[in-house]
Amino acid sequence: MGNIADEIAKRRTFAIISHPDAGKTTLTEKFLLYGGAINLAGSVKGKATARHAVSDWMEIEKQRGISVTSSVLQFNYGGFCINILDTPGHQDFSEDTYRTLMAADSAVMVIDASKGVEAQTRKLFKVCTMRHIPIFTFINKLDRDAMDTFDLLDDIEKNLGIATCPVNWPIGSGKEFKGVYDRELQEIITYADTEKGTKEGHETRIPLSDEALLRAQIGEDKTEQLLGEIELLDGASAPFDLEEVQAGMLTPVFFGSALTNFGVEIFLQHFLKMALPPTARVSDKGPVDPVEQGFSAFVFKIQANMNKAHRDRIAFMRICSGRYEAGMEVRHVQSGRVQRLQQPQQLMASDRKILDEAYAGDIMGVFDPGLYSIGDTLCLPKDAFRYEGIPTFAPEHFARVRQVDTMKRDQFVKGITQIAQEGAIQIFQEFNTGMEEIICGVVGMLQFDVLKFRLKSEYNVEIYLDTLPYEHIRWIVNRDLDVSKIVGTSDMKRIKDLKGNPLLLFVNPWSVQMVLDRNKGLELADFSRE
């Protein structure tokens with residue numbers, strides 16, 4: 001038992017969240033660099049011939065320089081085994097990020113020092129607070145001109161409603177960026193612009209008490225400013241309290257520049273000390289202890305065609321308890337089937353290696369023959385509990401989808417169904433018909449472009465998209481209801497999802513209430529927990 005407990009105690013599994021362009025992918029790469037997982041970081045938005053960021057593996061991501069799916073990256077550093085879940089920053093892909101946060105034990109929030117808290121950060125932050133996930137803040141891009149530091153902290157506290165505790169403090173920004181002050185050690189770490197793709201770089205540490213050296217190194221003005229800010233800071237900021245951090249009520253704040261690789265390793269070292277290893281998860285039989293309970297996991301993501309040569313589907317599982325060993329039999333709780341997992345592998349973006357063992361906290365990719373759905377639980381054959389479901393959020397944009405070449409009907413249905421099973425898009429049918437008419441719903445319009453691109457490149461099917469005026473969707477909670485008898489409004493449409501569940505579409509928000517008023521006993525929900 002000791003070995004399993006030790007291995008689980010080493011695990012740190014976190015998601016990186018940010019607004020697009022805050023430098024999240026660059027930060028991820030620098031972590032990998034320190035862990036020895038890669039030798040040279042790729043520039044995310046380089047020329048077409050340049051190296052692409054390790055975590056952006058899908059073709060459309062390389063072309064556009066944005067992350068549209070979450071990647072899973074594992075590496076070792078300082079005696080810890082770290083699982084990073086890199087999430088899309090673009091709001092049109094927030095659905096994928098919500099699910100990924102369900103698999104993380106903590107979150108690293110990356111904020112652009114010149115912009116402060118942006119809209120998407122706010123949305124993702126809400127999901128973290130819903131789950132009481134500890135949040136660690138890295139304020140990035142100090143090598144460019146930044147907002148006033150006190151204003152940045154104020155912005156986080158007001159916008160996100162969480163107290164901040166700066167672990168270090170920046171000295172200047174942009175061309176005037178001199179380094180950071182470490183509050184615990186009471187010393188200044190001077191800024192050195194390392195070569196962008198490497199981790200080597202020298203830093204000088206100056207004790208705050210050595211004022212003469214400090215003035216010589218960073219100048220009179222910066223020294224005076226720093227001493228004044230430290231005095232203010234010690235009087236005004238929340239004291240560091242690890243329990244509050246781990247309860248998600250206080251965020252430790254760090255400053256640096258991921259691009260020039262300054263402050264990244266300092267952040268990583270502190271983070272590993274403060275972040276929690278895997279903890280108990282809620283199931284329908286009560287909390288499941290990661291060490292005491294045998295193997296269990298849940299599916300949080302499904303990705304088709306990661307390997308074009310094999311046209312495969314990978315189900316990503318977060319191991320919640322115990323140890324996975326090669327060849328062991330597990331129960332898929334939703335179907336009741338007991339089986340061996342097919343080709344269990346550890347993933348490094350699109351690279352893979354077959355796993356012999358994995359522990360609570362690790363992320364495992366398993367070949368999916370079409371059995372798994374997002375939110376499914378796996379456990380030992382003798383057990384039969386379920387982890388709480390992952391909510392499906394309501395799409396906000398809808399379009400009718402048709403294939404251009406009618407001879408490619410089978411490929412079209414297969415392609416759109418497989419992409420829908422990943423959870424990025426949702427597909428519906430007319431209430432009384434089969435798959436003749438397909439309606440696609442997405443959280444963000446950019447998902448339509450991705451759908452079009454992927455059907456063409458992965459299934460060789462071209463499609464027409466006719467946008468529909470509907471903006472509001474509701475799941476029908478009471479299943480015993482005769483949907484055809486619902487008294488609707490002129491802008492209401494009855495549809496069903498892939499599992500045959502009935503739903504209602506509306507153009508206008510007030511129509512939802514009108515339909516509820518006209519049909520006593522009808523219950524509607526704006527998300528599904530299936």
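Worth a mention:
- Per-pair calculated FRET efficiency, R0 = 60 Å: ALA326 and VAL477 via Cβ, rounded to 0.05: 0.90
- Distance-filtered residues of the range 250-280 - backbone nitrogen under 20 Å, label point 7 angstrom along ALA236 Cα→Cβ: 250-256
- Computed E for ASP356/SER457 - FRET, C-beta separation, R0 45 angstrom, nearest 0.05: 0.85
- Couplings for the range 11-21, taken from phi via the Karplus curve 6.51 cos²θ - 1.76 cosθ + 1.60 with θ = phi - 60°, read 6, 9, 10, 9, 9, 9, 10, 5, 6, x, 6 Hz in order; Gly and Pro are left as x.
- Applying the Karplus relation 6.51 cos²θ - 1.76 cosθ + 1.60 with θ = phi - 60° to the range 25-30 yields 3J(HN,Hα) values of 5, 5, 4, 4, 4, 5 Hz, where x marks Gly and Pro.
- Close amide H partners of PHE431, meaning residues 5 or more places away or on another chain with modelled amide H under 5 Å apart, are LYS496.
- Accessible area per residue for the range 241-286 is 37 Å², calculated with a 1.4 Å probe on protein heavy atoms, without ligands, DNA or RNA.
- Accessible surface, 1.4 Å probe, highest first, among residues ASP482, ASP6: ASP6, ASP482
- Of all accessible heavy-atom area on the range 102-180, the percent that carbon and sulfur account for (1.4 Å): 47 percent
- Amide hydrogen proximity for THR164: with H placed 1.01 Å from N in the peptide plane, the residues at 5 or more positions away or on another chain lying under 5 Å are ALA238, THR251.
- Protein accessible area in the range 393-439, 1.4 Å probe - carbon and sulfur %: 52 percent
- Lys-Lys pairs in the range 114-237 that are eight or more residues apart or on separate chains and whose Cα atoms lie under 25 Å of each other come to 24.
- Accessible-area order (highest first, 1.4 angstrom probe) of the listed residues TYR191, TYR459: TYR191, TYR459
- ARG205-ASN3 pseudo-label distance in nm [points 7 Å out on the Cα-to-Cβ vector]: 3.7 nm
The values are calculated or read from the model by the stated rules, or taken from the named source; none is laboratory data. The structure presented is a predicted model; accordingly, all values stated were derived computationally and were not measured. All Cβ positions, glycine included, derive from the backbone under ideal geometry; neighbour counts span all protein chains shown. Areas reflect the complete protein model, heavy atoms only, side chains present, ligands, DNA and RNA absent. Shrake-Rupley method; radii C 1.70, N 1.55, O 1.52, S 1.80 Å.
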